[in-house]
Structures are given as C-alpha cells and as structure tokens.
Amino acid sequence: MTQKQPALKFLQALWQDVSDPNFIWEVAALAICLGAAWLIARWWHGRHEEGSGRLAEAGLRLVFPLTALVLAGIGKVALQSFMQVNLFNLAKFEISIPIHSQV
C-alpha cells in the first residue's frame, strides 16, 4: 500500500495541473524540448555513418533519448519557479525507461 501512495499523489498532482490554465505552457515547453531533441538526433544521424562500429551505433540509438532527457531536465529547472512541472517529471521517467533497457 505504501508503494501506491506516491504514485497516487503524483497522479493527483498531475490531474490538478491539467485543470490549471498554465498547463498548456507546460505541454508546449515539453513539445519544444522533444522537437529540439528530434532535430539534434536527425543532425547527429546525418553526420555519423552507420556501420562504423558498435560504439558509434550505440551512440546513434541513444542520441534522441539522452538529448530529450537533458532538454526536459533543463525545461523543468527553467519552469519550476513559475508553475508546477509534474508533466516534466512524468516525461523524464518515461524517457529514462528506454535508456535503461538498452544499456
């Protein structure tokens, strides 16, 4: 039961954020972070060739999730003094799961 309490509190806080008018700014900031991470990953893929070694291929797979994680962290720090950032907490958790499963 104690394991469910933090998750329940987090979901309640996230639901309160959805009803807040500032939530659209949080969604927009997260979309900008993910879009920038996608652009950086596309640029990285264009500059590095596939088949140039295992380390280079691992870097090609990890560039988007790692960039998205870093940009989401920066976005969270930048916005947390202005509004609740529970969506960024959820995004950082969801982005970090694929990174841990690939390594």
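Please state which one of L71, L90, L79 is under 9 Å from the mean Cα position of the chain (by Cα) and modelled with pLDDT of 85 or more. Please lay out each step first, then the result.
Values: L90 fails: modelled with pLDDT of 85 or more; L79 fails: under 9 Å from the mean Cα position of the chain (by Cα).
Selected residue: L71, the only one of L71, L90, L79 that is under 9 Å from the mean Cα position of the chain (by Cα) and modelled with pLDDT of 85 or more.
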Q.
For the range 61-77, give me the residue count where each residue is of a type outside the set (K, R) and in contact with a helix residue (DSSP H, G or I) (Cβ under 6 Å, 6 or more places away or on another chain).
A. 9
Q: Determine the pairs where a residue that is loosely packed, with under 12 Cβ neighbours inside 10 Å, located within the range 29-55, has a partner that is among the β-branched types (V, I, T) and modelled with pLDDT of 90 or more with Cβ atoms under 8 Å apart, the partner being 6 or more residues away or on another chain.
A: none
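Determine whether S101 is modelled with pLDDT under 70 and surrounded by 14 or more Cβ atoms within 10 Å (Cβ to Cβ). Walk me through how you get there before you give the answer.
Values: modelled with pLDDT under 70: yes; surrounded by 14 or more Cβ atoms within 10 Å (Cβ to Cβ): no.
So S101 does not fit the description; no.
Residues are listed down the side, and each one gets a yes or a no for (1) within 23 Å of L90 (Cβ to Cβ); (2) touching a Phe, Trp or Tyr at 6+ places or on another chain (Cβ under 8 Å); (3) small (G, A, S); (4) at pLDDT 80 or above:
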position: I32; (1), (2), (3), (4): yes, no, no, yes
position: A36; (1), (2), (3), (4): yes, no, yes, yes
position: W43; (1), (2), (3), (4): no, no, no, yes
position: L62; (1), (2), (3), (4): yes, no, no, yes
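Go through the range 7-28 and give me each residue that's in contact (Cβ under 8 Å) with a residue 40 or more places away in the chain and either under 23 Å from A68 (Cα atoms) or part of a helix (DSSP H, G or I) (or both).
Taking the range 7-28 and keeping what is in contact (Cβ under 8 Å) with a residue 40 or more places away in the chain, we get 10, 13-14, 16-17, 20, 22-23, 25-27.
Across the range 7-28, the qualifying residues are F10, A13, L14, Q16, D17, N22, F23, W25, E26, V27.
The values are calculated or read from the model by the stated rules, or taken from the named source; none is laboratory data. Since the model is a prediction, treat every value here as computed from it, not as a measurement. Every residue, glycine among them, receives a Cβ derived from its backbone with ideal geometry; neighbour counts consider all protein chains shown.
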